[in-house]
Amino acid sequence: MQGARVYAAPLSTRRIVVTGGAGFLGSHLYERLISRGHEVLCVDYFYTGSKANVVHLLGNPNFEILRHDVTIPLYVEADEIYNLACPASPIHYTTDPVQTTKTSVHGAINMLGLAKRLKARILQASTSEVYGNPEQHPQSEGYWGHVNPIGPRACYDEGKRCAETLFFDYHRQHQLRIKVARIFNTYGPRMHPDDGRVVSNFVVQALQGKDITIYGDGSQARSFCYVDDLIDGLILLMETPDDVTGPMNIGNEHELNVRDLAALVIELTGSKSEIKLHPLPLDDPTHRRPDITLAREQLGWEPTVDLRAGLGRTIDYFDRLLREVPHG
Ligand code: NAD
Ligand code: UDP
């Protein structure tokens, strides 16, 4: 057959849409999906994501990219949809809060509509932020949360909560096959150096010998999950039987406060950086740790990369990046 491009595809090959595919998590996800023989359409409009995260795959016949804003309906063909489109860093999602809510809510409606037409499975990248500043610790999926509906983080928290509502309404009303993952703070290579999240900030600051910017007194705590573990969890959740819908916490149970994180980053980088305290942003949660009993039971999943190892890989990544592209 001259002229026709033919390549053998494994029988289990699926066509998978990843919205937000040019972002931090999306880029790891589609790489893993392609390595498993699937065809991926990355849908992104490069708000916080970067073309640098996708450029190495542009020649791959199993990879396509579409510049598209998910607040606008999308008509493509697919077997599965991972809905990741949404800025995830507080400095980004609070910059244009109206667009953040639109992305979560209109984006969910459009992607659920697409999944309904295609009878496709759809996974929502929800967040531990649905628990707000939690009064239950650790947070299990049955906890309804403690969210300020009118604060600066509400565009993200309430947008994601409404997206969860839409997922479950489409499931009940239209029998859609849904999966809702509540992702806890995730870090690793390919975070943007200006992303604003604590791990990338501290690592970049330490490598550059700049002050480490702790917000508040640093007593607030988070539980950090390495990106490879998180991606395993998302794919396992997508592949569960139809009666497994979530919401399901995906995160690492190891909790530490921001001050201890700063000390660890300084130790691992051998940096001479000093700590500088800045005001704590409004509604910044005081602590956050997932109860992952459900993921253990239903996915057989738990994190395997400890914080020192994951930070080591992240530091190596930023060290290389900052040498290649010197950064302000
Ligand atoms: P990211 O900011 O690196 O990536 C988000 C991607 O979505 C970017 O490429 C951005 O350009 C794209 N995007 C934003 N709005 C869009 C729109 N309207 N249309 C099309 N594309 C759009 O963030 P991330 O860390 O990769 O997070 C991915 C998803 O996971 C987000 O939905 C986020 O809420 C969720 N999540 C992430 C974390 C984490 O720690 N990384 C924690 C909880 C939830
Ligand atoms: N934080 C900090 N310094 C920074 C960036 C963040 O002290 O340079 C704090 C922030 O106030 C929060 C925690 O680190 O308490 C995690 O922030 P991040 O933006 O990574 O994620 P969040 O869990 O708030 O969404």
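The Cα atoms of the stretch 65-122 define a convex hull whose projected area, averaged across directions, is 4.0 nm².
In percent, how large is the relative contact order of the chain, given Cα pairs closer than 8 Å and 6 or more residues apart? Spell out each step's value before the answer.
On the way: 631 pairs, mean separation 53.0, N = 328.
Value for the chain: 16 percent.
Relative to the longest principal axis of the Cα atoms of the chain, the long axis of helix 227-238 makes an angle of roughly 30 degrees.
Which loop GluC sites (Glu not before Pro) in the stretch 235-328, with loop taken from DSSP, have no more than 14 other Cβ atoms within 10 angstrom of their Cβ? Working shown, then result.
On the way: sites: GLU239, GLU253, GLU255, GLU267, GLU274, GLU297, GLU324; in loops: GLU239, GLU253, GLU274.
Qualifying residues, ordered by number: GLU239, GLU274.
Which value in deg cm²/dmol, rounded to the nearest 500, describes the helix-derived mean residue ellipticity at 222 nm for the chain, given -39,500 (n - 2.57) per DSSP H run of n ≥ 4 and division by the residue count? If you can, show how the numbers build up before the last one.
Working: 9 runs with 118 residues, N = 328.
Estimated from H runs of four or more residues: -11500 deg cm²/dmol.
Axis angle, to the nearest 10 degrees, between helix 258-269 and the longest C-alpha principal axis of the chain: 90 degrees. Comparing ILE214, ASN60, LEU176 along the charge dipole axis of the chain, the residue lying farthest to the positive side is ASN60, per the Cβ-charge model. Taking every alpha-carbon pair in the stretch 24-172 and binning the separations at 5 Å intervals from zero gives 2, 9, 18, 20, 19, 16, 10, 5, 1, 0 percent. Entry for the stretch 192-234 at q = 0.16, 0.30 Å⁻¹: log10 I(q)/I(0) = -0.54, -1.08, Debye formula applied to identical alpha-carbon scatterers, no solvent contribution. Between helix 154-174 and the chain there is an angle of about 30 degrees, using the helix long axis and the longest principal axis of the Cα atoms.
Residue-normalised convex hull volume from the C-alpha trace of the stretch 199-328: 124 Å³ per residue. With only the Cα atoms considered, the stretch 160-271 has a convex hull volume of 120 Å³ per residue.
By the compact-protein rule of thumb, 2.2 N^0.38 Å, the alpha-carbon radius of gyration of the chain corresponds to a ratio of 0.98.
Laboratory data are not the source of any read-out in this text; all were calculated from the coordinates shown. The shown structure was predicted, so the numbers you read here are calculated from the model rather than taken from an experiment. All Cβ positions, even for glycine, are placed from backbone atoms using ideal geometry, and neighbour counts span all protein chains on display.
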